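The values are calculated or read from the model by the stated rules, or taken from the named source; none is laboratory data. The shown structure was predicted, so the numbers you read here are calculated from the model rather than taken from an experiment. Cβ sites come from the backbone with ideal geometry, for glycine too, and all protein chains shown count toward neighbours.
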Amino acid sequence: MLIQIDDSYSLQDVINNIQQEQATIYLKNGIYREKVIIDKPNITLIGEERGKVILVWDDASGTIMRENPEKTYGTTGSASVTITQNGKGFSAKKIVFKNEFDYPNSDLKNKQAVALKNDADQSYFEECDFLGYQDTLYANKGRQYYRDSYIEGNVDFIFGGAQAYFENCKIYSIPRETGVGYVMAPSTLETEEVGYVFDNCNFISDGEKNTIFIGRPWHPGKREGYNPSAVVMNSNLGEHIRDLGWDSMSGFSPDAARFFEYNNKGEGNILNTKRRLLEERDLEKYSKKSMFKDWDI
């Protein structure tokens with residue numbers, strides 16, 4: 001099923017009316033301003049031009065719910081676009097996922113504001129952009145592949161428990177006026193062999209030298225059952241990356257997590273005892289072929 005729309009349409013209404021098992025939606029350039037939930041399998045979104053098809057909303061974790069003024073949305077509910085586990089096989093090309101919550105000027109206590117929350121297995125993103133500040137991309141469940149894409153934020157802006165492969169992506173850390181920043185916060189289950197892999201990515205920032213950690217281990221609710229996993233390999237690390245590389249979170253040390261680096265370059269690629277190198281014998285485990293197995297991408 002092929003559908004073509006412009007920003008005079010409600011994307012959510014179009015998705016709700018899909019009855020087929022597979023559908024491709026071509027989006028004309030424009031700003032599609034609505035919260036979107038994708039709860040059906042094998043939906044593909046293709047934008048007319050990169051950077052000019054924008055799916056956007058502006059809720060934050062602390063935003064009061066329109067549906068129930070006694071509650072706030074929370075991090076999960078803040079997402080501009082949500083792909084549920086029923087969205088297996090989702091793909092997107094040349095789509096901007098954006099949360100335009102005014103992070104720098106807001107007085108809210110809880111400023112997490114998700115652009116995309118993704119729980120969909122076998123989800124694929126090419127030439128997409130993910131824009132926000134804190135908690136931009138919630139890569140949470142299943143196997144996910146991001147290629148030739150751009151992701152920006154300032155605190156834990158790539159986070160969650162998915163088995164996600166980022167290839168040839170630009171990872172931009174927005175400078176923080178106060179405090180340090182963090183690129184990622186994986187929450188990989190201990191039953192999963194691999195979490196996040198960044199291969200041939202470019203970690204960049206306009207911020208000051210030695211101000212941004214690569215990541216920290218997230219244990220949701222401080223519960224048991226998590227062993228965060230992330231590997232950064234064959235990538236460029238700018239001078240904004242902290243010397244120690246990885247930091248603690250909620251009392252959990254990066255030394256106990258599965259955080260490794262391999263064959264990186266750049267001023268932020270600093271070798272010390274706190275930044276463990278992946279051994280070559282383990283490389284195959286972190287390859288696309290090994291991670292995705294029966295998924296032909």
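Could you go through segment 66-84 and let me know if any residue there is over 23 Å from Glu152 (Cβ atoms), in contact (Cβ under 8 Å) with a residue 24 or more places away in the chain and of a type outside the set (Asp, Glu). Looking through segment 66-84, at least one residue is over 23 Å from Glu152 (Cβ atoms), in contact (Cβ under 8 Å) with a residue 24 or more places away in the chain and of a type outside the set (Asp, Glu).
Restricting Thr76, Thr72 to residues that are farther than 28 Å from Glu190 by Cα, among the β-branched types (Val, Ile, Thr) and either at pLDDT 95 or above or in contact with a helix residue (DSSP H, G or I) (Cβ under 8 Å, 6 or more places away or on another chain) (or both) narrows the list to Thr72.
The residue that is modelled with the lowest pLDDT, counting only those in segment 179-210 that are over 15 Å from the mean Cα position of the chain (by Cα) and under 17 Å from Asp247 (Cα atoms), is Gly179. If you go through segment 35-71 and keep only what is in a loop (DSSP other than H, G, I, E, B), closer than 18 Å to Lys109 by Cα and either in contact with a strand residue (DSSP E or B) (Cβ under 7 Å, 6 or more places away or on another chain) or not basic (Lys, Arg) (or both), you end up with Asp58, Asp59, Ala60, Ser61, Gly62, Thr63, Met65, Pro69, Glu70. Give the number of residues within segment 82-110 that are of a type outside the set (Asp, Glu) and within 25 Å of Ile174 (Cα to Cα). Residues in segment 82-110 being of a type outside the set (Asp, Glu) and within 25 Å of Ile174 (Cα to Cα): 17 in total.
Being crowded, with 24+ Cβ neighbours inside 10 Å, of a type in the set (Gly, Ala, Ser) and not in a strand (DSSP E or B), is that true of even one residue in segment 170-184? Within segment 170-184, none of the residues are crowded, with 24+ Cβ neighbours inside 10 Å, of a type in the set (Gly, Ala, Ser) and not in a strand (DSSP E or B).
Here's the yes/no breakdown for (1) modelled with pLDDT of 95 or more; (2) buried (at least 18 other Cβ atoms within 10 Å of the Cβ); (3) hydroxyl-bearing (Ser, Thr, Tyr):
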{"residue": "Asp6", "(1), (2), (3)": "no, no, no"}
{"residue": "Ile54", "(1), (2), (3)": "yes, yes, no"}
{"residue": "Ile83", "(1), (2), (3)": "yes, yes, no"}
{"residue": "Gly87", "(1), (2), (3)": "yes, yes, no"}
{"residue": "Leu108", "(1), (2), (3)": "yes, no, no"}
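Conditions tested, residue by residue: (1) in contact (Cβ under 8 Å) with a residue 40 or more places away in the chain; (2) within 26 Å of Gly132 (Cβ to Cβ).
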position: Thr191; (1), (2): no, no
position: Gly215; (1), (2): yes, yes
position: Pro228; (1), (2): yes, yes
position: Val232; (1), (2): no, yes
position: Glu239; (1), (2): no, yes
position: Ser253; (1), (2): no, no
position: Glu284; (1), (2): no, no
position: Lys289; (1), (2): no, no
position: Asp296; (1), (2): no, no
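Annotation note: Cβ proximity below 6 Å between a residue of segment 36-60 that is farther than 14 Å from Asn99 by Cα and a residue that is basic (Lys, Arg) and in a loop (DSSP other than H, G, I, E, B) (sequence gap 6+ or interchain) occurs for Pro41/Lys88; Gly47/Lys94; Glu48/Lys28; Arg50/Lys94. How many residues does segment 206-229 hold that are more than 13 Å from Ala256 (Cα to Cα) and touching a Gly at 6+ places or on another chain (Cβ under 6 Å)? Number satisfying all stated conditions: 2. Of the residues making up segment 93-106, those that are crowded, with 20+ Cβ neighbours inside 10 Å, of a type in the set (Phe, Trp, Tyr) and not in a loop (DSSP other than H, G, I, E, B) number 1. Annotation: of all residues in segment 271-297 being of a type in the set (A, V, I, L, M) and not in a loop (DSSP other than H, G, I, E, B), the one that is farthest from Val231 (Cα to Cα) is Met291. Could you list, in sequence order, all residues of segment 150-174 that are over 10 Å from the mean Cα position of the chain (by Cα) and under 19 Å from Phe292 (Cα atoms)? Those that are over 10 Å from the mean Cα position of the chain (by Cα) and under 19 Å from Phe292 (Cα atoms): Gly161, Gln163, Tyr165, Glu167, Asn168, Cys169.
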